[in-house]
1. Do you know which of the residues in region 68-106 that are in contact with a Ser or Thr (Cβ under 9 Å, 6 or more places away or on another chain) and of a type in the set (Lys, Arg) is nearest to Arg37 (Cα to Cα)?
2. I want to confirm something. Restricting to region 32-51 and keeping residues that are surrounded by 13 or more Cβ atoms within 10 Å (Cβ to Cβ) and among the hydroxyl-bearing types (Ser, Thr, Tyr), which single residue is farthest from Gly7 (Cα to Cα)?
3. Regarding region 82-104, can at least one residue be identified that is charged (D, E, K, R) and more than 18 Å from Leu6 (Cα to Cα)?
4. Check off (1) assigned to a strand (DSSP E or B); (2) without any contact (Cβ under 8 Å) to a residue 40 or more places away in the chain for Ala28 and give me the number that stays unchecked.
5. Residues of region 16-25 being assigned to a strand (DSSP E or B) and among the small types (Gly, Ala, Ser), which ones?
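Throughout, read-outs are computed from the coordinates displayed, never taken from laboratory work. Every value quoted in this text rests on a predicted model; they were computed, and no experiment measured them. Virtual Cβ from ideal backbone geometry, glycine too; neighbours counted across all protein chains shown.
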Amino acid sequence: MASGVLGQSSLSATTLTTVYTVPASTLAVVNINIVNRSTSATADVRVALASTATPGVSEYIEFDATIPARGVLERTGIALGATKNVVVYSSTANCSASVYGLEQSV
């Protein structure tokens, strides 16, 4: 059973990035944190809990949410089943995404 930081990524602009995938036969409870490292520009971000690396429209939990310069978007207490992906998108290359939490074998 893993705990702590489960995945991290410095996001590329306008690119879908799978930050974390729940292992097979595992349940995960995660927190998702996206920080805008820019000192002056906003960033629009998307977060999906998806079956694949390319989310369907119904899989987004945030869509073009604006993070101010030096700001943070955080979602907590998200339960994910086996093989689910946390997929993140940013309008700029100034964002970092972290997924942290607990995994439990099922």
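1. Result: Arg70.
2. Applying the filter and picking the extreme gives Thr42.
3. Going through region 82-104, the residues charged (D, E, K, R) turn out to be 84, 103.
Subsequent filtering for residues that are more than 18 Å from Leu6 (Cα to Cα) retains none.
Checked region 82-104: no residue is charged (D, E, K, R) and more than 18 Å from Leu6 (Cα to Cα).
4. So the condition that Ala28 fails would be (2).
5. We begin by selecting, within region 16-25, every residue assigned to a strand (DSSP E or B); these are 17-21.
Scanning region 16-25 gives no hits.
Here is a yes/no grid of residues against (1) in contact (Cβ under 8 Å) with a residue 12 or more places away in the chain; (2) over 15 Å from Thr18 (Cα atoms); (3) in a loop (DSSP other than H, G, I, E, B); (4) in contact with a Pro (Cβ under 9 Å, 6 or more places away or on another chain):
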{"position": "Val35", "(1), (2), (3), (4)": "yes, yes, no, no"}
{"position": "Asp44", "(1), (2), (3), (4)": "yes, yes, no, no"}
{"position": "Ala48", "(1), (2), (3), (4)": "yes, no, no, yes"}
{"position": "Thr54", "(1), (2), (3), (4)": "yes, no, yes, no"}
{"position": "Thr66", "(1), (2), (3), (4)": "yes, yes, no, no"}
{"position": "Ala69", "(1), (2), (3), (4)": "yes, yes, yes, no"}
